Structures are given as structure tokens and as C-alpha cells.
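Peer 1: First the structure, which I've put down as C-alpha cells, then a few questions once you've had a look.
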Amino acid sequence: MKVLITGGAGFVGSHLAEAFLEKGDDVYIIDDLSTGAMENIQPFTEDERFKDRIFVHIDTIFNHDLMLELVGTCDVVFHLAAAVGVRYILENPLKSITINIQGTEKVLELCAKFKKKVLITSSSEVYGKHDHAPLVETDNIIYGPSSKFRWSYAASKLMDEFTAQAYYRTKGLQAIITRLFNTVGPRQTGAYGMVIPRFVSQALENKALTVYGDGRQSRTFTYVKDVVAALMALMAQDDAVGEVFNVGGTEEISIVELAEKIVKATGSTSTIELIPYEEAFEKDFEDMQRRVPGIEKIKALIGFEPKTSLDDIIRQVVEYTKKKRA
Ligand SMILES: NC(=O)c1ccc[n+]([C@@H]2O[C@H](COP(=O)([O-])OP(=O)(O)OC[C@H]3O[C@@H](n4cnc5c(N)ncnc54)[C@H](O)[C@@H]3O)[C@@H](O)[C@H]2O)c1
């Protein structure tokens, strides 16, 4: 099978590429390296087992002619290219909306034209300001005002979901929508506000771990390879088409507890420092207290269950970060 991965040099995309290469498929990647990195995929391009089956295009998904060729060539499309991370969205407001809305529309339009099955990666952010748990796919959605720009990421991902469903309803596009909850593991960068790589780097430098707000907000964290297995299984399931699925773990932990775990796992002398949101982000930033997925729907269809514990994930990220700094 020929698999196109937009954003394939990114964190999740590179793991997805690796899994398909291991399985024996051909992998086509398009990535403009805005937040991705060549080093994420370099080992595969040099690996004797893979090097004739990986085709990397360092370019933007807005290159229409190239995308025509790639979507036309491949059997299935995983659309991961996006502006990701709260800090990145706040620092690049217009670019983020353009890539997340217009970019996705272009990919979906081409997939409809060539009748290619496509999976898109939306986000748990679309749920907005809920504090209840678990969040299920049919829940209502609550956002803050448009003056609070952090909601633009949620709104843009929600628009992607509507667009995919509209193409499914009107053009018969075989589209699958996934809502990823915090996905973590090696190759994720802390540069755009992702909490685990940021804490691990701070701990390895024996610097204070900077926790935003009171640190009592909680999250779940899912190992990237568990997520990748779920995305691949969904793509292989005809009953997934036209549907929305949460993909995430259920082990809830507060951010302060996470920081404590990382200090312990690294044997660091770091302290934990609470930073008010107004100092860390724009003055009108808002956060969600809890973000826990209901995973009954994806479990029923593909038997998804996160396998990797948070302790194991932290161990792997620590190992990866140490190697990278060596
Ligand atoms: N990691 C998570 O916890 C998480 C949670 C929810 C949703 N998601 C979604 O999963 C997908 C992958 O996220 P990630 O964590 O791997 O982030 P990432 O930033 O590592 O991956 C995004 C990739 O898209 C590329 N890209 C951006 N604009 C592009 C363009 N115009 N043309 C080509 N490539 C472009 C970037 O260079 C990057 O490699 C995204 O759609 C994201 O919204 C991720």
C-alpha cells in the first residue's frame, strides 16, 4: 500500500511513517518543517530496509501541483499537517488558521477528487471548557469569546471536522475523524508548549519545573505508538468512515503530580515553580481543568486500549532527551 502522510516529519507523523515502513508499505511524506524536523525521519531514509520505500518532500501542502501528484499516487491519506501547540497558535495566529482551515480543505478536496480514504487528526481541544469527565464524542462544545485567541485552535479543528463530514455527506469522501488527546513520547518537542518534553528538559538541567496556574489542572497522556496503532486500525475499518473518535488514555494526573513524577524519574534536584497564566501566556488565556476521553466508541470498533503506562512513557522520553543532548 502507498501511504501519504502530511506532516510526516512531525512528532506523530514520523511514528506513523515508521510503523507503515515496518509493516512493508511505501510511505510518502510532505512536510514544510515548520514544527517538524528532518532528524525525525532521517534514520528511515538511511535505513537499508526502508530507503527505497520512503519518499520525502520538504514542501507545503499548499503546493497544489505536488499535492495533486501525491494524493493521486497514494492509496490512503493521513492528514496530520497543522499548526500545533497553544504557544505556537498564540505566536502565529493568522498562519495557524490558514494551515488548519484552508490547508485541511485543500487536502480533503483532493482526496474527494481522487476518491482516496483520508484520516484527519482533530484534537481534544474541540471540547472546549468542559470540566466533567469523561468527554464523549457526542458532548456539547463550549468555547470562550473570540477575543481569547487560544480558542482559535479548537475552532479551526472543529471546522476541519465539519468540512470532512460535509465532504463525506455531499461527495462520498471516505473520511475518518480522530480527536487526539495529549499524545506523548520520543521526538515530541517542548518548544511549543508541550508539557512532558518541557518538564523533562528542565529536570535534566536541574532547573525549576515551571507549572502554569495552580497545577491542579489534570490531563491524560497517551503513548504515541499506541495512538499510531489506533490510527492505522481505524484506517483499515470501513465502519470508521464518516465517524468521530476520541483517541487517548484514561490515566488522569494533575500537572503538579506529573512534574513530581518527572523530578523523581530523572533523579533531578529541580524544584517546582508555579507561574500565573498571565505571565506564561497572553493576559486573556484560559485553561481547561480536566481533559479525559471516553474511549468506549473506539474500543467497541477496534478494541483500542492504551497499553503503555505513564511511567514507561516518561522513562522513554527521558532516555530520548538524554541521547539527543549527548
Ligand atoms: N501531539 C498531540 O498531543 C496532539 C493532540 C491533538 C491533536 N494533534 C494533532 O495531530 C497532528 C500531528 O501533531 P504533532 O503533535 O505530531 O505535531 P507536529 O507539529 O510535530 O506535526 C505537525 C507537522 O505538520 C507540519 N506542517 C505544518 N504546516 C505544514 C504545511 N503547510 N505543509 C506541510 N507540512 C506542514 C509541521 O512541520 C509538522 O511536522 C496535528 O494535526 C495535531 O493537531 C496532536
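The values are calculated or read from the model by the stated rules, or taken from the named source; none is laboratory data. Keep in mind that this is a model prediction, so the values were computed, not measured. Backbone-built Cβ (ideal geometry, glycine too); neighbour counts: all protein chains shown.
Peer 1: I need the full set of residues from the stretch 85-96 which are surrounded by fewer than 23 Cβ atoms within 10 Å (Cβ to Cβ) and either within 12 Å of the ligand (Cβ to nearest atom) or of a type in the set (D, E, K, R) (or both), in order please.
Peer 2: Listed by number, the residues that qualify are G85, V86, R87, Y88, E91, N92, K95, S96.
Peer 1: Tell me which residues, restricted to the stretch 80-134, are acidic (D, E) and free of Cβ contacts under 8 Å to residues at least 40 places away in the same chain.
Peer 2: Within the stretch 80-134, E91, E125 qualify.
Peer 1: Now, a different point. Restricting to the stretch 277-303, give me the number of residues that are out of contact with any Leu (no Cβ under 9 Å at 6 or more places or on another chain) and either modelled with pLDDT of 85 or more or assigned to a helix (DSSP H, G or I) (or both).
Peer 2: Residues that pass the stated criteria total 11.
Peer 1: Quick one: count up the residues across the stretch 65-84 that are surrounded by fewer than 19 Cβ atoms within 10 Å (Cβ to Cβ) and within 13 Å of the ligand (Cβ to nearest atom).
Peer 2: Residues meeting the conditions: 1.
Peer 1: Regarding F50, is this residue buried (at least 18 other Cβ atoms within 10 Å of the Cβ), more than 14 Å from the ligand (Cβ to nearest atom) and either polar (S, T, N, Q) or under 19 Å from the mean Cα position of the chain (by Cα) (or both)?
Peer 2: Here the answer is no, as F50 does not meet what is asked.
Peer 1: While we're on this one: Test G185 against the criterion of being buried (at least 20 other Cβ atoms within 10 Å of the Cβ) and modelled with pLDDT under 95, and give yes or no.
Peer 2: Taking the combined requirement at face value, the residue does not satisfy it.
Peer 1: Please enumerate the residues belonging to the stretch 223-236 that are surrounded by fewer than 19 Cβ atoms within 10 Å (Cβ to Cβ) and either in contact with a strand residue (DSSP E or B) (Cβ under 7 Å, 6 or more places away or on another chain) or not in a helix (DSSP H, G or I) (or both).
Peer 2: A236
Peer 1: If you don't mind, another one. Which residue, of T220, T266, T271, is surrounded by 18 or more Cβ atoms within 10 Å (Cβ to Cβ), out of contact with any Asp or Glu (no Cβ under 8 Å at 6 or more places or on another chain) and among the hydroxyl-bearing types (S, T, Y)?
Peer 2: Answer to the check: T266.
Quick grid of which residues meet (1) closer than 25 Å to D160 by Cα; (2) out of contact with any helix residue (DSSP H, G or I) (no Cβ under 9 Å at 6 or more places or on another chain); (3) aliphatic (A, V, I, L, M); (4) at pLDDT 95 or above:
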site	(1), (2), (3), (4)
L204	no, no, yes, yes
D214	no, no, no, no
F221	yes, no, no, yes
V224	yes, no, yes, yes
A240	yes, no, yes, yes
I262	no, no, yes, yes
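Peer 1: Select the helices (runs of 4 or more DSSP H) contained entirely in the stretch 100-212, then report the ones holding at least 3 residues which are more than 12 Å from the ligand (Cβ to nearest atom) and of a type in the set (F, W, Y).
Peer 2: 151-171
Peer 1: Moving to a separate point now. With G242, G294 as the choices, which residue is over 29 Å from L90 (Cβ atoms), of a type in the set (G, A, S), under 23 Å from the mean Cα position of the chain (by Cα) and surrounded by fewer than 18 Cβ atoms within 10 Å (Cβ to Cβ)?
Peer 2: Going through G242, G294 in turn, the sole match is G242.
Peer 1: Can S146 be described as farther than 17 Å from K2 by Cα and surrounded by 21 or more Cβ atoms within 10 Å (Cβ to Cβ)?
Peer 2: no
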